[in-house]
Amino acid sequence: MALVFCSVVITARVWPTLSGLVQCQMELREEAMPHVQITWVEGRTPEQKRKLADRITQALVEDGRARRENIHVSFVDLPPTDYAESGVLVADQKKGI
């Protein structure tokens, strides 16, 4: 059995809209191992991450026909000095630079 990976990257601006989450470049098959990576500025609680991981997993199970045990969700928490939007570090946006 060949393993098929489907990677979805969600930015902090679009994470509440999960409808586009299951629209991968490839069709998910039973043996597919979807991996969702969320990269955002640090500051979410473990409880927020638990809830989000559960919602993403549910969307992939219900709409993407993925098997729950094959779904992987990871969080990459970056400090505001390591994340920029529109060419400006988030740390500088808060300062009004």
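What is the order of 81, 57, 39, 45, fewest Cβ neighbours within 10 Å to most?
45, 81, 39, 57
Check which residues have an amide H placed less than 5 Å from residue 89's amide H, if you skip close sequence neighbours.
Under 5 Å from the amide H of residue 89: no residue qualifies.
Between residue 42 and residues 5 or more places away or on another chain, which pairs have amide H atoms under 5 Å apart, with H built 1.01 Å from N, and which residues are they?
Under 5 Å from the amide H of residue 42: 78.
Please give me the summed charge of the neighbours of residue 80: other residues whose Cβ is under 9 Å from its Cβ, Lys and Arg +1, Asp and Glu -1.
Summing Lys/Arg as +1 and Asp/Glu as -1 gives -2.
Values in this text are rule-based calculations from the coordinates and carry no lab data. Nothing here was measured: the structure is a model prediction, and the numbers come from that model. Backbone-built Cβ (ideal geometry, glycine too); neighbour counts: all protein chains shown.
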